[in-house]
Amino acid sequence: MPKGKLFGLSTELLKKIGWTAEGLHEKSRKLIITNDEARLKFIITKTADVTAYVEYGAADVGIIGKDVIVESGVDVYELLDLGFGKCHLMMAVPKNKKRPRLEDYSHTRVATKFPRIAENFFAGRGMQMEYIKLNGSIELGPIVGLSESIVDIVETGTTLRENNLEEIVSIMDSTARLIANRVSYRLKFERINNLVTDLKTVL
Ligand code: PRP
């Protein structure tokens, strides 16, 4: 389970299929919450780490955004698009510093939490960029002169608006996905498959 924005929506969805546990709520500081009766163990991690727990089999299944799956480049099964957590990854610049064409940003610095996706995108357009990896508040980059632009997630657009930034190109759409460890999927096929079927029903 990812902490942060996806946590509430994920627990809400899982609750509908009876996957819940006492103490599984946003305010809890417990990292593992179990429901012995239902044979469930919830592992609560930072959003960007969900893929690591699933890839290495510390967790059999996980819920995480498509953006994080692509950025981490993990080898996991993606079983279901859960539909919530809708957002898109884009490039934005300060409104008053817009350049005429995308290519005009070649060889400039871009601040991002998603350097892999960003590099893929720009390299595909023959653009060489300098990537500055930040872990949050990416929008600050161009405002304080750390970078020319940002590549970041937009959900409602509020953060861009409030910081006078403007999207200049969309890079990818994202929603939350159910992922599974490849070995777990084979060894626990029935249970994981039932989970997918139940989720499909409530979705
Ligand atoms: C994300 C993202 C943007 C913001 C976009 O940040 O990095 O800053 O949400 O949402 P909006 O379009 O609805 O304003 P998050 O809140 O996850 O925190 P962070 O800045 O620490 O990464």
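The values are calculated or read from the model by the stated rules, or taken from the named source; none is laboratory data. What you are looking at is a predicted structure, and each value in this text was computed from that prediction instead of being measured. Here Cβ is always computed from backbone atoms with ideal geometry, including for glycine, and neighbour counts include all displayed protein chains. These accessible areas exclude ligands, DNA and RNA; they are computed on the full protein's heavy atoms, side chains included. Shrake-Rupley method; radii C 1.70, N 1.55, O 1.52, S 1.80 Å.
Structure values in brief
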{"item": "Residue pairs meeting the criteria (Cβ under 8 Å; at least 6 apart or on separate chains; first among the aromatic types (Phe, Trp, Tyr), in the range 1-29; second modelled with pLDDT of 95 or more)", "result": "Phe7/Met1; Phe7/Ile44; Trp19/Ala38; Trp19/Leu40; Trp19/Leu195"}
{"item": "Counted residues, the range 132-160 - those being within 8 Å of the ligand (Cβ to nearest atom) and exposed (fewer than 15 other Cβ atoms within 10 Å of the Cβ)", "result": "7"}
{"item": "Gly62 being within 13 Å of the chain's Cα centre (by Cα), surrounded by 19 or more Cβ atoms within 10 Å (Cβ to Cβ) and in contact (Cβ under 8 Å) with a residue 24 or more places away in the chain", "result": "yes"}
{"item": "All positions within the range 70-94 that are more than 16 Å from the ligand (Cβ to nearest atom) and either buried (at least 17 other Cβ atoms within 10 Å of the Cβ) or outside any loop (DSSP other than H, G, I, E, B) (or both)", "result": "Val74, Val76, Tyr77, Glu78, Leu79, Leu80, Asp81, Leu82"}
{"item": "Residue check for Ile32: β-branched (Val, Ile, Thr) and open to solvent by 20 Å² or more (accessible area, probe 1.4 Å)", "result": "yes"}
{"item": "Residue check for Ile179: more than 11 Å from the ligand (Cβ to nearest atom), touching a residue at least 40 places away in the same chain (Cβ under 8 Å) and surrounded by 13 or more Cβ atoms within 10 Å (Cβ to Cβ)", "result": "yes"}
{"item": "Some residue of the range 130-146 being touching a Ser or Thr at 6+ places or on another chain (Cβ under 6 Å) and without any contact (Cβ under 8 Å) to a residue 24 or more places away in the chain", "result": "yes"}
